[in-house]
Amino acid sequence: MTSPNLRSAYGASLVRLGKKDERVVALEADLGKSTQSVMFQAEFPDRYFQMGIAEQNMASTAAGFALSGMIPFIHSFAVFASGRTYDQLRNSICIPNLPVRICGSSAGLSDFGDGKTHQGVEDAALMRSLPNMTVLCPADSIEVEQMMDCMLDWPGPVYFRINRNDLPFVYPEGEPYSIGKVTRLREGNEAAIFGSGIMVSKALEAAKALETEGISTRVINISTIKPLDREAVIRYARGVDAIVTAEEHSIIGGIGSAVVEALRGVSHAPVEFVGVPDSFGISAEGYDELLVHFKLTSDEIARTVKTLLKGTEKCASVL
Amino acid sequence: MANAEEIQRIKKLAWDLRADIVRMIGVGKAGHLGGSCSLAETVAALYFGKMHFDPKALHDPNRDRFLVSKGHSVLVQYAALVELGAIPREEMGKLKTLGGKLQGHPDMMTPGMEAVTGSLGQGLSIATGMALALRLRKSPARVYVVIGDGELAEGQLWEAAMAAARYKLDSLTAILDRNRIQATGPTKEIFDIPNLEDKWRAFGWNVLNVDGHDVGPILDVLDKATAIKGGPTVIVADTVKGKGVSFAENTAAFHNGAMTREQYDQALVEIEESRRMVQ
Ligand SMILES: Cc1ncc(C[n+]2csc(CCOP(=O)(O)OP(=O)(O)O)c2C)c(N)n1
């Protein structure tokens, strides 16, 4: 039975990969209990490297491992794994296109108490901008497992945005997975919600609520933020009157931006973003409270859909 | 040399800071108890003894600066600023809440904060910039920065060490809180950095040692650091992570742990008892 906790699923998957393939090594920067890389350490102490609180060094060291035939996984909080190491990821890893796996744990606002310095709401934007980098954001722990199963063969670097928490299961049972796949989780013909990470389950809730008001909404999970399946985004954006993106990330550079980039050049319904406005996070007593503070809720998604639909009605009447 | 009365006053205040750290964290909520408690005497000696710092003039350009590079330990600085009246006492109950001013890590929205830290390894660089600027502006102000022994793995810290030595920054004092525990365990097991004193000397720093829980010697060593000219000084303060709260001492469990109601009560009782014992 898969734990609903993304970090536990990650740790268990890493162990599974380690058993399958001796090339798998893990590097940690004093957050192993948080990232759950400790599970790998317990199983494979010889292939686990505690690098100390030195993320930049860890990243370039991983490049060395990869250049020597290994598949290194490096770990830290998302904010440090992507930000502190940016130049090392860019130059040591992405330019030579090395199979380094970067686990950005406690992504988004999930480290609610620690505040701005620890809440990673720009990491996807940073990572998306790096050529060769694959950027993954699982919506539940099953998807974490599916993604990890691809890590032995996938060429080039991969960045994982991993949330701290338990998330509801949304991945369709029996559905085959591959990196790059954009999955429709719910049918609907008036509005489309593209979600990633924790916002996928909230998008599903929003769609359910909208249905009771007679609004038929489709929900699409974008768990591969890059490379984004542009064809699929265009296909799922077709035929609706409103498109909303929902992400636990800055509205600059995340999946909202990615969807609009994908839709460029084709005519499409108006798009609105639900996400963190152009701001840093803030300390809060609880995660849910913080999500409400930044309006990362199913209510906000539903409200945004309705606002867009009203807007298109108005436009139609003006025309 | 501080007199006995002064030392006793500061010792008591150090225990007051610990009590306030515990109160701020509260029951059932994660909080950085360990690395904050290890600093109580150092911070008390600085704010209540050594530093030229007027809590009513937080922006005085000539104030001595104090920053905690290992920003998670800022609770002890909050407690000192509350004691000095720079932060309203009622803010303590709003630590890490929406609408409160006390963030999980140092933030400029909080009165008395000198910099944003929390991404480890950056504080010594910020302090170096401050000391360079103050010197350029002919200010007599000194800069004090606390760094952690786990934090020392960050390469940037050593880049800053080289820069501060290169510019002979004798107005800069770094205090290394050597509590020998980092986030996930003892530094010896996680990431041992041996011969620390030699390393700092090799980087061009003067090195002083002190028992980080003994106020008298801390005040003396701070004076000594001020007297040393021609280069920066690091004070290696040997401390106990979680000092003063028995269940939190020398363990990574309370690096950022949550206290039960019983632990909370026990912590305050123990701290009160230690305060009473102050000679
Ligand atoms: C760049 C960066 N990496 C990781 C962390 C997470 N982190 C916070 S505190 C800590 C351990 C710090 O150890 P130490 O410097 O010894 O502090 P102390 O034990 O005195 O609290 C870690 C790894 C961080 N805040 N910043």
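A few points about this structure:
- Restricting the range A:172-204 to residues that are of a type in the set (Ser, Thr, Tyr) and touching a residue at least 40 places away in the same chain (Cβ under 8 Å), the residue that is surrounded by the most Cβ atoms within 10 Å (Cβ to Cβ) is A:Ser196.
- Unique residue being touching an Asp or Glu at 6+ places or on another chain (Cβ under 9 Å), buried (at least 19 other Cβ atoms within 10 Å of the Cβ) and part of a helix (DSSP H, G or I) when the list is B:Ala2, B:Ala14, B:Ala45: B:Ala14
Condition check ((1) crowded, with 24+ Cβ neighbours inside 10 Å; (2) on the phi > 0 side of the Ramachandran plot; (3) touching a His at 6+ places or on another chain (Cβ under 7 Å); (4) not assigned by TED's automatic domain parsing to the domain that holds A:Gly275) across all residues:
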site: A:Thr117; (1), (2), (3), (4): yes, no, yes, yes
site: A:Glu122; (1), (2), (3), (4): no, no, no, yes
site: A:Leu130; (1), (2), (3), (4): no, no, no, yes
site: A:Asp140; (1), (2), (3), (4): yes, no, no, yes
site: A:Leu152; (1), (2), (3), (4): no, no, no, yes
site: A:Pro155; (1), (2), (3), (4): no, no, no, yes
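- So B:His72, is it within 15 Å of the ligand (Cβ to nearest atom), within 14 Å of another protein chain (Cβ to nearest Cβ), in contact with a Lys or Arg (Cβ under 8 Å, 6 or more places away or on another chain) and not in a strand (DSSP E or B): no
- Scanning the range B:140-159 for residues that are more than 14 Å from the ligand (Cβ to nearest atom) and buried (at least 19 other Cβ atoms within 10 Å of the Cβ) gives B:Ala141, B:Arg142, B:Val143, B:Tyr144.
- A count restricted to the range A:79-98 and to residues that are surrounded by fewer than 24 Cβ atoms within 10 Å (Cβ to Cβ) and away from the ligand (no atom under 14 Å from the Cβ) stands at 9.
- Helices (runs of 4 or more DSSP H) contained entirely in the range B:192-279, each with at least 1 residues that are away from chain A (no Cβ under 14 Å) and within 16 Å of the ligand (Cβ to nearest atom): B:196-202
- Against the numbered list (1) touching a helix residue (DSSP H, G or I) at 6+ places or on another chain (Cβ under 8 Å); (2) more than 14 Å from chain B (Cβ to nearest Cβ); (3) of a type outside the set (Ser, Thr, Tyr), A:Glu122 comes up short only at (2).
- Here the range A:49-73 is the region considered, the condition is being assigned to a strand (DSSP E or B) and within 12 Å of chain B (Cβ to nearest Cβ), and the residue that is nearest to the ligand (Cβ to nearest atom) is A:Gln50.
- Qualifying residue in the range A:137-154 (condition: farther than 19 Å from B:Glu154 by Cα and free of Cβ contacts under 8 Å to residues at least 24 places away in the same chain): yes
- A:Ser76 buried (at least 24 other Cβ atoms within 10 Å of the Cβ), within 12 Å of the ligand (Cβ to nearest atom) and at pLDDT 95 or above: yes
- Residue in the range B:58-69 that is in contact with a Gly (Cβ under 6 Å, 6 or more places away or on another chain), within 14 Å of chain A (Cβ to nearest Cβ) and at negative phi present: yes
- Looking across the range B:140-187, the residues that are farther than 23 Å from B:Val221 by Cα, within 10 Å of chain A (Cβ to nearest Cβ) and among the aliphatic types (A, V, I, L, M) come down to B:Ala153, B:Ala183.
- Scanning the range B:99-136 for residues that are farther than 27 Å from B:Gln182 by Cβ, outside any helix (DSSP H, G or I) and in contact (Cβ under 8 Å) with a residue 24 or more places away in the chain yields a single hit, B:Pro111.
- Single residue of B:Glu151, B:Glu159, B:Glu189 found to be within 30 Å of B:Leu98 (Cβ to Cβ) and acidic (Asp, Glu): B:Glu151
Results for (1) within 22 Å of A:Ala107 (Cβ to Cβ); (2) assigned to a helix (DSSP H, G or I), shown as yes or no for each residue.
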{"site": "A:Thr245", "(1), (2)": "yes, no"}
{"site": "A:Ala269", "(1), (2)": "no, no"}
{"site": "A:Gly275", "(1), (2)": "yes, no"}
{"site": "A:Asp278", "(1), (2)": "yes, no"}
{"site": "A:Leu290", "(1), (2)": "yes, yes"}
{"site": "A:Val305", "(1), (2)": "no, yes"}
{"site": "A:Leu308", "(1), (2)": "no, yes"}
{"site": "A:Glu313", "(1), (2)": "no, yes"}
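The values are calculated or read from the model by the stated rules, or taken from the named source; none is laboratory data. Not measured: the values here are computed from a predicted model. Virtual Cβ from ideal backbone geometry, glycine too; neighbours counted across all protein chains shown.
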